[in-house]
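In what follows, a single structure is set out as structure tokens and then discussed.
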Amino acid sequence: MSLAFGVAIYFVIWWVVLFAILPWGVRTSEEAGETSNPGFADSAPHKPRLLPKIIATTIVSGIVFAFIYAIMVHHIIRLDDIPFFPRYERVQEAPQTN
């Protein structure tokens, strides 16, 4: 796995995990017992606490990336091990005639 490919995979994993973690612990102003500020949606988070979510996203993404890296580099799961993938036979080249 090249460095650029690894960074790209980590970036995609990080964003997917971020969107999975963002709703954790979100409370609206009404749920917090306060009035919402004018100009903000009623469903806007009262205190979004983004820094802990970014830290959690980075940790979870690192674990997921390590798992995927191990699978890809050490061939823990090969494509031939996945039962629903089609099986292809190797094509033999025709003998060359002079």
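The values are calculated or read from the model by the stated rules, or taken from the named source; none is laboratory data. The structure displayed is predicted, hence computed values, not measured ones. Every residue, glycine among them, receives a Cβ derived from its backbone with ideal geometry; neighbour counts consider all protein chains shown. In case anyone asks, the SASA skips ligands and DNA or RNA and just uses the protein heavy atoms, side chains included. Shrake-Rupley method; radii C 1.70, N 1.55, O 1.52, S 1.80 Å.
Give the angle, between 0 and 90 degrees and rounded to the nearest 10, that separates the Cα long axis of helix 50-74 from the longest principal axis of the Cα atoms of the chain.
Long axis of 50-74 versus the principal axis of the chain: about 10 degrees.
Over the Cα atoms of the chain, how large are the radius of gyration and the largest Cα-Cα distance (Dmax), in Å?
23.7, 88
Hey, can you grab everything whose amide H is under 5 Å from the amide H of Thr28? Only 5+ residues off in sequence or another chain; H modelled, so Pro and N-termini drop out.
His46
Can you give me the % of accessible surface on the chain that is carbon or sulfur? Probe 1.4 Å, all protein chains present, nothing else counted.
On the way: 5600 of 8540 Å².
The C+S portion of the solvent-accessible surface of the chain is 66 percent.
Please give the charge dipole size of the chain, origin at the Cα centre, charges +1 on K and R Cβ atoms and -1 on D and E Cβ atoms. Round to the nearest 20 debye. Numbers along the way, then the final one.
Working: 7 positive and 8 negative charges, 45 e Å.
So the magnitude is around 220 debye.
Once the Cβ-Cβ distance between Val16 and Asn37 is put in as r, and R0 is 35 Å, what FRET efficiency do you end up with, to the nearest 0.05? It would help to have the intermediate numbers written out before the result.
Working: r = 31 Å, r/R0 = 0.89.
Here the calculated transfer efficiency is 0.65.
Just to confirm, what accessible area per residue do you get for the stretch 1-56 at 1.4 Å probe, in whole Å²?
Details: 4360 Å² over 56 residues.
Dividing the accessible area of the stretch 1-56 by its residue count gives 78 Å².
Per-residue accessible area for His74 at 1.4 Å probe radius, Å² rounded to 10?
Accessible surface of His74 is approximately 130 Å².
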